[in-house]
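Structure first, then comments.
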Amino acid sequence: ANSVIKIRLSRRDDKLVFEVKDTGIGVPAEAQSQLFGKFYRASNARNRRPDGTGVGLYLAKKVVTEHGGDIIFSSVEGKGSTFGFSLPIDKLTPAEHDPKQLE
């Protein structure tokens, strides 16, 4: 409640950048290095929403890095967080393909 959320899509050099910034609970400093680990959830997130599994950020990072991109993350506990990713634009352009490969 009462959180402001800003979404931005931009181009920086040869990358497409997508960012979501909020003014929510933030991530404690001691949890930030583990945040993208499999099954990890920060204590303040577990207290707020105990139903999470801790795989969402892990899987997001895996997909982004497998596509040659980078994860964007910054946070201050009690002030909010920025999550996002960048992807190389040349990987986003469909390559020409042989129609027979689709059969």
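All of the numbers you see were taken from the coordinates with simple rules; none came from a lab. Keep in mind it's a predicted model, so treat the numbers as computed, not measured. Please note: Cβ atoms are built from the backbone with ideal geometry, for glycine as well, and neighbour counts cover all protein chains shown.
Summary of computed values
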read-out	value
Counted charge near PHE83, where neighbours are those whose Cβ lies closer than 11 Å (Asp, Glu -1; Lys, Arg +1)	0
Peptides 5-17, 69-81 ordered by average Cβ neighbours within 10 Å, highest first	69-81, 5-17
Hz values of 3J(HN,Hα) by residue in region 64-70 - Karplus curve (6.51, -1.76, 1.60), Gly and Pro given as x	5, 5, 5, 9, x, x, 10
Radius 10 Å from Cβ of GLU19, net charge of other residues (Lys, Arg +1; Asp, Glu -1)	+3
